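The values are calculated or read from the model by the stated rules, or taken from the named source; none is laboratory data. Keep in mind the model is a prediction, meaning the values are calculated, not measured. Here the Cβ positions follow ideal geometry from the backbone for every residue, glycine too, while neighbour counts run over all protein chains shown.
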Amino acid sequence: MRRINTNIKFFLAFALITTISLGLGACSNPNKSSADVQELVIAVPRVGEFNPLKGYNLLAAFGVTETLVEVDSVLSLRPNLAERWETVDEKRWRFYLRKGVQFHDGTRFDAQAAKFSLERYLKAGPAWLDIPPTEIKIEDEYTLLLTAKEPGLLLPAYFTNRASSIISPNSFSEDGRFIKPIGTGPFKFGSGRARWEMVLVRNERYWGGNARLKKVVVKKNIDPQTRIFMLEAGEAGVIQTVPTQEVTRLQASPKYNILKSRFPGNVQLYFNVIKEPFNDLKVRKAVNYAIDRDALVHFFEGHVIPAKAPFPPGLPWSVENLTGYAYDKEKASRLLAKAGWQMGADRT
């Protein structure tokens, strides 16, 4: 019989925790109305690049750039720069673009401009994203015909990715060098330093109506406690990603509002199924039964939900009716015993 190290077993059980269900942010709750506030400072853990194709960026999140399709608070797809879309056949999709939209430089958003950005997305988008369209054709000034690699129903979801943000061709120099982001959103890019800070100013010609704020300053601070200090000291009006252990304290104060939204991601542990011990299905099942997910939910003060599958609820790929693994320590022990593992006298 083989021995199993209990310390390692505990680590694995803890690492495979739960679906993170809430993206937590906090904002001050001043006495004056939001109509009186003209400038807002937001502290975030990351700012990222200003070129949508260069990794992590917040331009779409803060209203500088926009995508054809967006995701609402319950993770459903809804129109954005594309007013609607339809399937033509099993591989082709037709997108009808929104009319009357201008880029921040005053140029027109149309099928030609959308094709320019989308083709860059297809050629230089995220390496981990296997983007399905193989061809983009312009049918008229505000209609695009997209052909996918293979039949599927999820093509519109790929155009919610921030890397697919539509930016003006004038965002680039004649030799193709990126200059600055010129989008269509409610805020224009004013100035900034990539990965550290950006200053946004209101777009007075936004197709969806003017924003209330005239100016937004987004500042990076990777330390969550420092972001909380900035909020409490009045240096920031909004902070992003509040540690769960601080939520209850901030929520108890009338000075602050806690804004919660579902975060579409899991905290996962990946097994190496080629090597022992995880090449044995019984061991992998035992680890799942050994995890007390309800205890982990309590540890995170109710700001997570138990993970039951690789994809969290709400995503197109998720399966909502799975029961998942219940916490059952005895069943985990029996499965390990069947797999040839036993607890040693020294507890290893």
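Only one residue in E90, E83 is of a type outside the set (K, R), at pLDDT 90 or above, within 25 Å of S318 (Cα to Cα) and over 18 Å from the mean Cα position of the chain (by Cα). Which one? Write out each step before concluding.
Details: E83 fails: within 25 Å of S318 (Cα to Cα).
None of the other options fit; the residue is E90.
From the list V216, V242, the lone residue that is crowded, with 16+ Cβ neighbours inside 10 Å and under 20 Å from the mean Cα position of the chain (by Cα) is V242. Close Cβ contacts (under 9 Å, 6 or more residues apart or on different chains) running from residues in segment 157-173 that are closer than 13 Å to F50 by Cα to residues that are surrounded by fewer than 18 Cβ atoms within 10 Å (Cβ to Cβ) and β-branched (V, I, T) comprise S171/I179; F172/I179.
The one condition from (1) surrounded by fewer than 17 Cβ atoms within 10 Å (Cβ to Cβ); (2) under 29 Å from G302 (Cβ atoms) that G209 does not meet is (2).
Let's see how each residue does on (1) of a type in the set (D, E); (2) modelled with pLDDT under 95; (3) not in a loop (DSSP other than H, G, I, E, B):
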| position | (1), (2), (3) |
| --- | --- |
| R195 | no, yes, no |
| V199 | no, no, yes |
| Y206 | no, no, no |
| V242 | no, yes, no |
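For segment 275-332, the set of residues classified as among the hydrophobic types (A, V, I, L, M, F, W, C), more than 29 Å from T248 (Cα to Cα) and within 20 Å of the chain's Cα centre (by Cα) consists of W317, V319, listed by residue number.
With respect to being in the same structural domain as A194 (by TED's automatic domain parsing), touching a strand residue (DSSP E or B) at 6+ places or on another chain (Cβ under 8 Å), at positive phi and modelled with pLDDT of 90 or more, G63 fits the description. In segment 53-68, the residues that are outside any loop (DSSP other than H, G, I, E, B) form Cβ pairs under 9 Å with partners that are surrounded by 24 or more Cβ atoms within 10 Å (Cβ to Cβ) and among the hydroxyl-bearing types (S, T, Y), at six or more places apart or across chains, as follows: N57/T65; N57/S165; E66/S165; E66/T184.
When residues of segment 220-230 are filtered for being in contact with a helix residue (DSSP H, G or I) (Cβ under 8 Å, 6 or more places away or on another chain) and within 24 Å of S191 (Cβ to Cβ), how many remain? Adding up the residues that qualify gives 1.
When the residues of segment 274-303 are narrowed to those that are in contact with a Leu (Cβ under 7 Å, 6 or more places away or on another chain) and among the β-branched types (V, I, T), which ends up farthest from E246 (Cα to Cα)? Once the filter is applied, the top-ranked residue is V283. Selection within segment 229-239: residues that are in contact (Cβ under 8 Å) with a residue 40 or more places away in the chain and not acidic (D, E). The member of this set that is surrounded by the fewest Cβ atoms within 10 Å (Cβ to Cβ) is G234. When S191 is tested against (1) touching a strand residue (DSSP E or B) at 6+ places or on another chain (Cβ under 7 Å); (2) touching a residue at least 24 places away in the same chain (Cβ under 8 Å), exactly one condition is not met: (2).
Filter segment 229-275 down to the residues that are closer than 19 Å to A307 by Cβ and of a type outside the set (A, V, I, L, M, F, W, C) and list them by number. Break it down into steps so the answer makes sense when it comes.
Taking segment 229-275 and keeping what is closer than 19 Å to A307 by Cβ, we get 244, 260-271, 273.
Once the filter is applied, which keeps residues that are closer than 19 Å to A307 by Cβ and of a type outside the set (A, V, I, L, M, F, W, C), segment 229-275 yields T244, K260, S261, R262, P264, G265, N266, Q268, Y270.
Reported count of residues in segment 244-284, each being modelled with pLDDT of 90 or more and of a type in the set (F, W, Y), is 2.
Taking the criterion of being out of contact with any helix residue (DSSP H, G or I) (no Cβ under 7 Å at 6 or more places or on another chain) and either surrounded by fewer than 14 Cβ atoms within 10 Å (Cβ to Cβ) or of a type in the set (S, T, Y) (or both), the residues of segment 141-151 that qualify are T147, K149, E150, P151.
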